[in-house]
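Structure, as structure tokens:
The values are calculated or read from the model by the stated rules, or taken from the named source; none is laboratory data. As the structure is a prediction and not an experimental result, all values here were calculated from the model. Using ideal geometry, Cβ is built from the backbone for each residue, glycine included, and neighbour counts are taken over all protein chains shown.
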Amino acid sequence: MKQIRFSVKQTKFLFKYFAWVPFVYFFGTVALAYYIFDIFGIHDKLSFPLYECPGFFLCFLDHLPIIDAFGDAVGSALKDPLPALAGIIIFLIIFVPPVWIFLGMLTFEGKKKSKWKNKNIWQKLQHYTDYLNCMR
């Protein structure tokens, strides 16, 4: 795959004018995952509550302050984790491959590194291999 190289000036331009793209892509992916989740009725098919309140020892989780602060969504994810797990998997299936392909094509050039450090490493490696060859 051919890689696209960007200079520092081009990189600054891209980050300045296209910084909104990841946010729109993220929210679009969330909307698409929710739509797929809704079309196939995954919540109804995967609904298997782990516990019912009252009468189960995990009911105290519903009354923890952090769970009360976020409302019913966190409590239902703890009681019935399979739909939440399926939603996360669907989101990752949609989100990750295009990002992986896109980032694999880009190469951002930063400041040039000194070649002198690399020469020193190779010289040390050559010296070490010569030393090992002499030991034989």
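Just to confirm my filter: which helices (runs of 4 or more DSSP H) fall fully inside segment 1-91 and include at least 1 residues that are basic (Lys, Arg)? Explain how you work it out, then say what you get.
Working: elements: 8-17, 21-39, 42-45, 65-70, 72-79.
So the answer is 8-17, 42-45, 72-79.
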Within segment 39-62, the residues that are surrounded by 13 or more Cβ atoms within 10 Å (Cβ to Cβ) and aliphatic (A, V, I, L, M) are ILE42, LEU46, LEU61
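Here's the yes/no breakdown for (1) surrounded by fewer than 11 Cβ atoms within 10 Å (Cβ to Cβ); (2) touching a Lys or Arg at 6+ places or on another chain (Cβ under 8 Å); (3) at pLDDT below 85:
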residue: SER76; (1), (2), (3): no, no, yes
residue: LEU85; (1), (2), (3): no, no, no
residue: ILE94; (1), (2), (3): no, no, no
residue: PRO98; (1), (2), (3): no, no, no
residue: LYS113; (1), (2), (3): yes, no, yes
residue: LYS117; (1), (2), (3): yes, no, yes
residue: LEU125; (1), (2), (3): yes, no, yes
residue: ASP130; (1), (2), (3): yes, no, yes
residue: CYS134; (1), (2), (3): yes, no, yes
